[in-house]
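Notes for the one structure printed next.
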Amino acid sequence: MAMISTKTNSLLELAQFWSQRLSPDFSLRDHEKYLYTPLDAISFGISPKEPWHRALGDVVFHNGYLAQGDVLGMEDAPAFLQEKYLSLRQKEDDFLCRYNLAYSPAFYYLPLRQNNSKITIADSERRHAVATSLLCYIPPGAEHYLEIHNMAQETRLSHCHIVVFLASGSKLQLLLIHELDEPSQSIVHLHFILSVESQAVVYDLQLSGKLSRTSIEADLEGERSFFSLNGLLLGRGEEHRDSTSLLIHRSSYSESKTLCLSLLNNKASSAITGNIVVEPRIREAKAHQLLRSLLLSDDAKAFCRPQLEIGSHEVNCSHGSSIGELDQEALYYLQSRGVSKEEARQLLLKAATAHLLQDLAPIFLPTTQERLNYYLKEVAYG
Amino acid sequence: MKEILDKVQEDYEAGFVTPVEQDILPKGLNEDIIREISRRKNEPEFLLKWRLAAYEAWKKMPEPKWAKVIYPPIDYQAISYFAAPKKKIKSLDELDPEIRATFERLGIPLKEQEVLAGVEGAPVAVDAVFDSVSVGTTFKEKLRELGIIFCSFSEAVANHPELVEQYLGSVVPVRDNYFAALNSAVFSDGSFCYIPKGVKCPMELSTYFRINAAGTGQFERTLIIADEDSYVSYLEGCTAPRRDENQLHAAVVELIAMKNAYIKYSTVQNWYPGDREGRGGVYNFVTKRGLCKGENSRISWTQVETGSAITWKYPSCILKGDNSIGEFYSVALTRNYQQADTGTKMIHLGKNTRSTIISKGISAGKSVNTYRGLVRISSKAQQARNFSRCDSLILGSEAKANTLPYLEVKNKSAVVEHEATTSKVSEEQLYYLRQRGLGEEEAVYLIVSGFCKEVFRNLPMEFAVEAQKLLSVSLEGAIG
Amino acid sequence: MLTIQNLHVRIGEKEILRGIDLTVKAGEIHAIMGPNGSGKSTLSQVIAGREDLVVSQGSLVFEQENLLELSVEERARRGIFVAFQYPVAVPGLNNLQFMREAVNAQRRFRGEKELSSSDFLKKAQKVMHDLGIPQEFSKRSLNDGFSGGEKKKNEILQMYLLEPKLIILDEIDSGLDIDALQMVARSVNSFHNEKRAFLLVTHYQRLLHYIEPNYVHVLVDGKIVESGGKELAEKLEKHGYDIYKNQLSS
């Protein structure tokens, strides 16, 4: 890849730079290795030919999102934010993020001044592909609840790129729901920059759609910053669920928690990659990570990659991962009390998710409760 | 003092230059060289063909770059591929004083030190040193009675070509990876072992006792076949630091366990790690893989890695037979500028297969210690079980520890569990031990050896004692 | 044996001990009593030599030697032993091996011959037998998976094997049931002689029913506010520490 000239000084130039270099009618097949599988995994003997590598065909990006709350053009964002945003996007080497940059027709800025807001990503005109770029800013000391509802329909590929700056002492709870129709494929890339004592708690619910992927990058830049990811991935049919997180501890006393659970029936598959990096000379960083997959059918597949890269000895890090089936004893116990197998499964699945969602803000409950019940049932029955 | 050290260092570095002697082939690798290697070794046609196929494959392969290790490009045409006689040093006085000190601390007898260091006039094989020739001979008698074949690879090619032809490359095919392909094309010698049906090998087979031709270290090949209902425990390497003028090492080890067979393979690797600034040192790119071919077979890898500038090594198990068991126990200690990228692959193919991974990484100084492991449960592997535990201990503020497991499960009846922690030696533990009168280094050593206990207890007894000692010597000065 | 004069100790910016004076002679048993946060544990740790404690003023002398110049292990080798309130676990480190290393480290310091594994084993087995400690203690990892009571018994076992001169029992009674408490007390009493001194650090005077102190000192807010005989403990039992708090605030 060519390097971006350091003279590039605006987002527009950067977008033009990439649009000239990336063909608008590309086939994802050519680039799949940049997408999901780290190169080292391929060389290490892991087959890149997983079902989620199916070519998406030629796609053209359009913009498509609806937001409740005040939305401004990027030019209305404060200069310091524009600068930060630009420098961040210059550094991106993710292939799809570059595509997004090149083909997202506009960049929007959400100041997030009220205490809750909602963004719906949907392609109202049912076009083949959408690209969305958003910048969110949580002011110092503010507390915010943000809901992102991804409702792509008949979309070959929806790619949404969201950057969230958390100013010092601010708090954010973010609920991301992937609820796509059956043929749609969607990728949401979230990038968090956390200042001193800021906190971000993310709930990633991947409920339906042929392919959904949440890729999260969090820079814990400020001391005592906190990041937590709670992912729930439900898959059935031939769906694929994907969660990739890269949490970088760049400051002392920073803390991260990752909890990710996938529940898979039929021929569904999931790939969960959790990458925790602790930079050298960081003191007292804490990181805990737990990745789990439950397989409900013989043809379901799960991949877990819980990865730690620790460059400091003043740390307390642990990770765990497990893949298996539902507790057969418990299933049997419930059935012996007269509950049908599917109902019993549903109950156990619900129990498995309870821990993950116990701290979900009440403001999100109206959106989540019924949906979860519905999709858990779908997964339980397959 | 410093001058002396520099002088010794120079001498050591000089050791890495291939000596010009009459009997060696020109440097570099091409088809002619491979034909010549095969001709000089009097090899049968099949082996030459096999080597050439490996060479063809190697030429087309890129050198792997995914491991978390950094080293300058290797010039493969600057290496002499025919077993060149090792450059000898005149006496132990020419040796890196640090290595000498280590010899002393490990309590290695003088004669043995000379062999390990490659001093002129010293016997070639270590077994000659140990209390005599008789040990070697009686040992061989005993094995012959049981029908066990244990010999150098060349001897096996000469005397048992049918076994070699049948099994060579059956676990690590020539195209498996870059370094395995290179080894397949040019390997010089190594060990061969066959345990017949129903035989439990009564002693630990050790490379100590092997007829150790000079120059086998660089591209070594080991093939062990345990036939039905047999058992063997095999030890490789030794705790003493081994000096070798060849910087690049690319060995291949293949294990095959038939029905009900059990192979226990233990390694202590302590190749020269380079000096305090990270200069010199061996690059150790090893492919080790075991095939649990028959039902109820079991392969167990135990390794203690303290040497080499770069370690790239993943002793693996392919669990093909139903109810077969794969195990991997590892301690990897890195210090100064050492880089280790090591771990295992457990490929579950058969029903009720089980695997256990226990990895303990200790990084000190400016070293990088990476665990990389793959657990794959294929769709046909009903009721497969895996448990992995990977703990890292970081000593000092400039060391790095990475844990990179890959878990792939395609069968719902599998249970795969992975746990890992990264920590330092806690202040509380140190304080407690020091309050009982133990010095700081002693206390750290006791805590670290406790950390490694789960692995050490899988080593054969006397090997475990040596490994403990090696650990304590390696930790000296590593703290801070 | 131990002389503490005007000792001031800080952790970070916070002053925990604010001028302690205490003299302990061989053969004596002193009890240091005080409410939570009074600085009791800090006092035992500063004698042991914990490094994150800063001594800003005062002196600490043990058998004519200035302890402040000695590291933790150097003090231990001179015969100072702390039975910890929360003994630390070291997984994988064999209990017996650890004790032998510790005993031998101290013997080396005293210029005595080190004990061989078998000699040490015999000695340890006898002590364990005498104390009524199960022999399986020697097979386990140091404090790993031990119950609260087992950990305290393990501390007593170490005390017997290391044979120190000054023994600090830091909240030895916390988390013990009555049987374990009696065992610990019995062991301490039979270990006590005219050459050894004890410092009992405790919140409750329950322990003092079993181990009788010669002196009781009340520590509140980093200062010894009252010293006396064992009758002082009874007074405390009746009135609690509040009387001192009021004194201080007024």
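Being within 10 Å of chain C (Cβ to nearest Cβ) and under 22 Å from the mean Cα position of the chain (by Cα), is that true of even one residue in segment B:456-478? Yes, segment B:456-478 has at least one match. Out of A:76, A:93, one residue alone is open to solvent by 70 Å² or more (accessible area, probe 1.4 Å), under 21 Å from residue A:216 (Cα atoms) and at pLDDT below 80. It is A:93.
Counted as qualifying within segment B:291-393 are the strands (runs of 3 or more DSSP E) with 2 or more residues that are within 14 Å of chain A (Cβ to nearest Cβ), namely B:310-313, B:316-319, B:339-348, B:354-363, B:368-377. Name the residues in segment A:245-270 that are surrounded by fewer than 24 Cβ atoms within 10 Å (Cβ to Cβ), of a type in the set (A, V, I, L, M) and more than 18 Å from residue A:352 (Cα to Cα), would you? Within segment A:245-270, A:246, A:248 qualify.
When residue B:453 is tested against (1) open to solvent by 10 Å² or more (accessible area, probe 1.4 Å); (2) assigned to a strand (DSSP E or B), only condition (2) is not met. Of all residues assigned to segment B:394-408, at least one qualifies as being under 22 Å from residue B:352 (Cβ atoms) and within 7 Å of chain A (Cβ to nearest Cβ). Exactly one residue among C:92, C:79 is in contact (Cβ under 8 Å) with a residue 60 or more places away in the chain and either under 22 Å from residue B:457 (Cβ atoms) or in contact with a Lys or Arg (Cβ under 7 Å, 6 or more places away or on another chain) (or both), and that residue is C:79.
Of all residues in segment B:424-446, those satisfying the criterion of being at the interface with chain C (Cβ under 7 Å from one of its Cβ atoms), assigned to a helix (DSSP H, G or I) and open to solvent by less than 10 Å² (accessible area, probe 1.4 Å) are B:432, B:435, B:446.
Out of (1) crowded, with 24+ Cβ neighbours inside 10 Å; (2) within 7 Å of another protein chain (Cβ to nearest Cβ); (3) more than 23 Å from the chain's Cα centre (by Cα); (4) not basic (Lys, Arg), the odd one out for residue B:419 is which? The failed condition is (1). Of the strands (runs of 3 or more DSSP E) lying entirely inside segment C:187-250, those containing at least 3 residues that are surrounded by 19 or more Cβ atoms within 10 Å (Cβ to Cβ) and touching a strand residue (DSSP E or B) at 6+ places or on another chain (Cβ under 9 Å) span C:197-202, C:215-220. The number of residues in segment C:121-132 being surrounded by fewer than 16 Cβ atoms within 10 Å (Cβ to Cβ) and either within 26 Å of residue C:208 (Cβ to Cβ) or within 14 Å of chain B (Cβ to nearest Cβ) (or both) comes to 2.
Checking residue C:117 against (1) closer than 30 Å to residue C:8 by Cα; (2) outside the structural domain of residue C:24 (by TED's automatic domain parsing); (3) surrounded by fewer than 22 Cβ atoms within 10 Å (Cβ to Cβ), only one condition comes out false. Which one? Unmet condition: (1). Within segment A:322-338, one or more residues are within 21 Å of the chain's Cα centre (by Cα), open to solvent by 10 Å² or more (accessible area, probe 1.4 Å) and at the interface with chain B (Cβ under 10 Å from one of its Cβ atoms).
Pairing each residue of segment C:107-132 that is among the charged types (D, E, K, R) with any residue that is open to solvent by 70 Å² or more (accessible area, probe 1.4 Å) and part of a helix (DSSP H, G or I), provided the two are 6+ apart or on different chains, yields C-beta distances under 9 Å for C:114/C:108; C:130/C:190. Among the conditions (1) under 18 Å from residue A:194 (Cβ atoms); (2) under 15 Å from the mean Cα position of the chain (by Cα), the only one that residue A:224 does not satisfy is (2). Within segment C:152-162, which residues are in contact (Cβ under 8 Å) with a residue 60 or more places away in the chain and away from every other protein chain (no Cβ under 11 Å)? Within segment C:152-162, C:152, C:154, C:156 qualify.
Taking the conditions (1) within 23 Å of residue A:155 (Cα to Cα); (2) in contact with a strand residue (DSSP E or B) (Cβ under 6 Å, 6 or more places away or on another chain); (3) open to solvent by 10 Å² or more (accessible area, probe 1.4 Å); (4) not aliphatic (A, V, I, L, M) in turn, residue A:242 satisfies each one other than (3). Can you tell me which residue is nearest to the other protein chains (Cβ to nearest Cβ) among those in segment C:54-65 that are farther than 23 Å from residue B:432 by Cβ and out of contact with any strand residue (DSSP E or B) (no Cβ under 7 Å at 6 or more places or on another chain)? Within segment C:54-65, the match that is nearest to the other protein chains (Cβ to nearest Cβ) is C:63.
For the residues A:309, A:279, A:284, the requirement of being at the interface with another protein chain (Cβ under 7 Å from one of its Cβ atoms) and either modelled with pLDDT of 85 or more or buried (at least 18 other Cβ atoms within 10 Å of the Cβ) (or both) singles out A:309.
Screening segment C:76-111 for residues that are of a type in the set (D, E, K, R) and more than 8 Å from chain B (Cβ to nearest Cβ) and picking the one that is surrounded by the most Cβ atoms within 10 Å (Cβ to Cβ) gives C:100. For residue C:17, the criteria (1) open to solvent by 10 Å² or more (accessible area, probe 1.4 Å); (2) under 17 Å from residue C:68 (Cβ atoms) hold in every case but one, which is (1). Of all residues in segment B:359-387, those that are open to solvent by 10 Å² or more (accessible area, probe 1.4 Å) and closer than 24 Å to residue B:294 by Cα total 8.
Select from segment C:133-147 the residues that are polar (S, T, N, Q) and within 13 Å of chain B (Cβ to nearest Cβ) and write down the one among them that is nearest to residue C:89 (Cα to Cα). Among those residues, the one meeting the criterion is C:143. Would you be able to say whether some residue in segment A:291-298 is in contact with a strand residue (DSSP E or B) (Cβ under 7 Å, 6 or more places away or on another chain), surrounded by fewer than 23 Cβ atoms within 10 Å (Cβ to Cβ) and farther than 30 Å from residue A:209 by Cα? Scanning segment A:291-298, I find no residue that is in contact with a strand residue (DSSP E or B) (Cβ under 7 Å, 6 or more places away or on another chain), surrounded by fewer than 23 Cβ atoms within 10 Å (Cβ to Cβ) and farther than 30 Å from residue A:209 by Cα, so the answer is no.
The values are calculated or read from the model by the stated rules, or taken from the named source; none is laboratory data. As the structure is a prediction and not an experimental result, all values here were calculated from the model. Quick reminder, even Gly has a Cβ in these numbers, built from the backbone with ideal geometry, and neighbours come from all protein chains shown. To get the accessible areas, we keep the full protein, side chains included, count just its heavy atoms, and leave off ligands, DNA and RNA. Shrake-Rupley method; radii C 1.70, N 1.55, O 1.52, S 1.80 Å.
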